[in-house]
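As structure tokens, the structure follows; a few thoughts come after it.
The values are calculated or read from the model by the stated rules, or taken from the named source; none is laboratory data. What you are looking at is a predicted structure, and each value in this text was computed from that prediction instead of being measured. All Cβ positions, even for glycine, are placed from backbone atoms using ideal geometry, and neighbour counts span all protein chains on display. Side chains included, ligands, DNA and RNA excluded: accessible areas come from the protein's heavy atoms. Shrake-Rupley method; radii C 1.70, N 1.55, O 1.52, S 1.80 Å.
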Amino acid sequence: MDTSTPTQNADPVTTGADFAALSAELEKGLRLRSIPFGMKLCATVQEMQAVPRIRRPQAIHTLDQLVAQTARLGWTLGVTSEDLVGDQCRAVVGLGGQDPAWFEGQPMVGVWYATQPDSAAHQAAMNLVPAGRYQSLVIAPLAKWGAAESAPPSVMDQPDIALFYATPGAMMYFINGLQWQGYERFDWSCVGESACADSWGRALKTRQPSLSIPCFAERRYGGVTDDEMLMAAPVEYFAKAVHGMRALARSGLRYPFPSYGIQQDVRAGMAASYPSPKAASR
């Protein structure tokens, strides 16, 4: 069993310059169409409010909408339970819900699930940050995080998790980078609707890389396009993936993957990626 940590052989990510470089390398290497971003849960509202130039929502939103305002518009946002439309959004990040009535899932009966037991089973399957520990959430572009030299500790020193939207091909390349060294198989969850529990909910709870297929709400309210998936993980996994992607690129494996042709003789293409032992020894 591999005992290496995600940070081995990866660049440390601590300063503002580190975060900006990591974000730029992700955007370039994966051809991202939106901004990588980070999330940080805060024990108090005051911690969130102390972030310089933080924006506060001026209307009631789903959390998917607020995430999109960061990923698509580049805003640094502070969120409390009062900013969110309901307990389904609040529960995933530990800002509300999770009481007996929420776990019954009655509002989803006849909408997403045939019976109340089906809906309750869905609620129980979701990955949730335990309620009661946090009062606010900061969402900001990844390039805006990082500790400033000689400055006192700040909420913006390090996000709890980093996230990005990308196409399935880009996600696979990112995963290939994660698996370059210290290989492990990844098993993702899929709760169906409320898929944010599979991405930021799971990553915040387990501190493991978490890939999701965004759900109806994320696409309708959060502007997620039909060909996008969402990856969430602690920053050290992002650094590990970028390290692996660099190694893959040196082997000639880069994203986007060029199509070889479905009727071509495959041997020449395969030989470029998998040289024979005889050829490799020359």
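Label sites at Ile213 and Ala21, each approximated as a point 7 angstrom past Cα along Cα to Cβ, lie 3.8 nm apart. With each label modelled as a point 7 angstrom along the Cα→C-beta vector, the Gln58-Arg185 pair spans 5.1 nm. Available extension along the chain between Arg246 and Val109 is 44.6 nm, counting 0.36 nm per residue and deducting the alpha carbon span. Against the main long axis of the alpha-carbon atoms of the chain, helix 168-178 sits at an angle near 80°. Peptides 127-136, 189-198, 166-175 ranked from most to least packed, by the mean per-residue count of other Cβ atoms within 10 Å: 189-198, 166-175, 127-136.
Partners of Lys144 within straight-line reach, counting aspartates and glutamates whose Cα lies under 12 Å from its Cα and excluding those fewer than 8 residues away in the same chain: Asp18, Asp157.
Since only Phe238, Leu95, Val138 are under comparison, the one whose Cα sits farthest along the positive direction of the charge dipole of the chain, derived from C-beta charges on Lys, Arg, Asp and Glu, is Phe238. Beta-bridge orientation, the chain: approximately 85 percent antiparallel, per DSSP, counting only bridges with both partners inside. Spacing of the modelled spin labels on Ala271 and Glu193, each 7 Å from Cα toward Cβ, amounts to 5.6 nm. With protein chains left intact and a 1.4 Å probe, residues in the stretch 160-282 average 52 Å² of accessible area per residue. Annotation: peptides 65-72, 247-254, 50-57, ranked by per-residue average of other Cβ atoms within 10 Å with the highest first, follow the order 65-72, 50-57, 247-254. Between the entries [x] 19.1; [y] 21.2; [z] 20.2, the label attached to Kirkwood radius over Cα pairs in Å calculated for this structure is [z]. Over the chain, dividing the summed -39,500 (n - 2.57) contributions of all DSSP H runs of at least 4 residues by the number of residues returns a 222 nm mean residue ellipticity of -10000 deg cm²/dmol. Measuring with a 1.4 Å probe in the full set of protein chains, what accessible area per residue, in whole Å², belongs to the stretch 1-139? Heavy-atom SASA per residue in the stretch 1-139 reads 50 Å². Against the main long axis of the alpha-carbon atoms of the chain, helix 16-30 sits at an angle near 60°.
At 1.4 Å probe size, with the rest of the protein present, what percent of the exposed accessible area of the chain is carbon and sulfur atoms?
Numbers: 7910 of 14410 Å².
About 55 percent, which is the carbon plus sulfur part of the accessible surface.
Is the C-alpha gyration tensor of the stretch 96-208 telling us rounded, prolate or oblate? Criteria: a/c under 1.5 is rounded; beyond that, a/b larger than b/c is prolate, otherwise oblate. It is oblate, given that a/c is not under 1.5 and a/b is not larger than b/c. For the stretch 146-282, a/c is not less than 1.5, where a ≥ b ≥ c are the root eigenvalues of the C-alpha gyration tensor, and a/b does not top b/c. That puts it in the oblate class.
If packing is taken as the average count of other Cβ atoms within 10 Å, what order do 256-267, 27-38 fall into, highest mean first?
Details: 256-267: 8.9, 27-38: 20.3.
By packing density, highest mean first, the sequence is 27-38, 256-267.
Each Cα pair under 8 Å and six or more residues apart adds its separation to the average, and for the stretch 1-134 the resulting relative contact order is 18 percent.
On full extension, the segment bounded by Val45 and Glu149 gains 34.9 nm, given 0.36 nm per residue less the C-alpha separation. How far is helix 63-73 tilted, in degrees, relative to the longest principal axis of the Cα atoms in the chain, given as a value from 0 to 90 rounded to the nearest 10? For 63-73 against the chain, the angle is about 50 degrees.
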